[in-house]
Amino acid sequence: MRGGTAAVLRSIKQIAKSRVHLEIVNLVVPTLNDSDKMLKELINWILGEVGPDVPVHFTRFHPDYQLLNLPPTPVATLECAYNMAMSKGMHYPYVGNVPDHPGNHTYCPNCKKAVIKRQGFFYYRDEHKDGCCKFCRWKIAGVWV
């Protein structure tokens, strides 16, 4: 991790310890933080410091404002980060800012079935009940009202 991220990482740890709902959004920017090494470091840090149940969104960058010289993040890079996170044991990774991608959905860590399906910022299918997967009854991390 780069030195400038120390305050952010410290804040993430503090929020995680407070037991409030926390989600991490990592904007994956080509040439700045999209290498396999950097993504692995981030995944390992999250797993080691805040655990596998914290949702992590690997979000696509689009050129805008002062970074017009960089290309959009390739979807394959986000899929690689998502797959790395899943293979390391992260329960709730997501592919962000890619409409209609299967990585937008929430999958049960136990049976791997989609328990919440999303389209854009809205969900259209909900297969959990009382915070548990309807298929296998595994507890799904989150705040369920």
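Data table
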quantity: Selection of trypsin sites (Lys or Arg not before Pro), the stretch 1-91, meeting DSSP coil and at most 12 other Cβ within 10 Å; calculated: Arg2, Arg19
quantity: Size of charge dipole - the chain - debye, nearest 20, with Cβ of Lys, Arg +1 and Asp, Glu -1, no other charges; calculated: 500
quantity: Three-way shape call for the stretch 1-130 based on the alpha-carbon gyration tensor, with the a/c threshold at 1.5; calculated: oblate
quantity: Accessible-area composition of the chain, carbon plus sulfur, in percent [1.4 Å probe]; calculated: 56
quantity: Unpartnered cysteines - no second Cys beta carbon under 4.7 Å - across the chain; calculated: Cys80, Cys132
quantity: Relative contact order of the stretch 26-129, defined on C-alpha pairs under 8 angstrom at six or more residues apart (%); calculated: 22
quantity: Angle between the chain longest axis and helix 75-88 axis [Cα atoms, degrees, rounded to 10]; calculated: 60
quantity: Spin-label model distance (nm) - Gln14 vs Ala141, 7 Å beyond Cα toward Cβ; calculated: 2.1
quantity: 28 Å Cα-Cα reach of Lys40 towards lysines, excluding residues that sit fewer than 8 places from it in its own chain; calculated: Lys13, Lys17, Lys88, Lys112, Lys113, Lys117, Lys139
quantity: DSSP-defined antiparallel bridges as percent of all bridges, the chain, nearest 5; calculated: 50
quantity: Qualifying chymotrypsin sites (Phe, Trp or Tyr not before Pro) for the stretch 99-136 [loop in DSSP, other Cβ within 10 Å: at most 16]; calculated: Phe121, Phe135
quantity: Å² of accessible area per residue within the chain, as computed with a 1.4 Å probe and no ligands counted; calculated: 61
quantity: Tilt relative to the chain, helix 36-49 - C-alpha long axis, 0 to 90 degrees, to 10; calculated: 50
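The values are calculated or read from the model by the stated rules, or taken from the named source; none is laboratory data. Just so we're clear, the structure is a prediction, and the values are computed from it rather than from any experiment. Please note: Cβ atoms are built from the backbone with ideal geometry, for glycine as well, and neighbour counts cover all protein chains shown. Heavy atoms of the whole protein, side chains included, go into the accessibility calculation; ligands, DNA and RNA do not. Shrake-Rupley method; radii C 1.70, N 1.55, O 1.52, S 1.80 Å.
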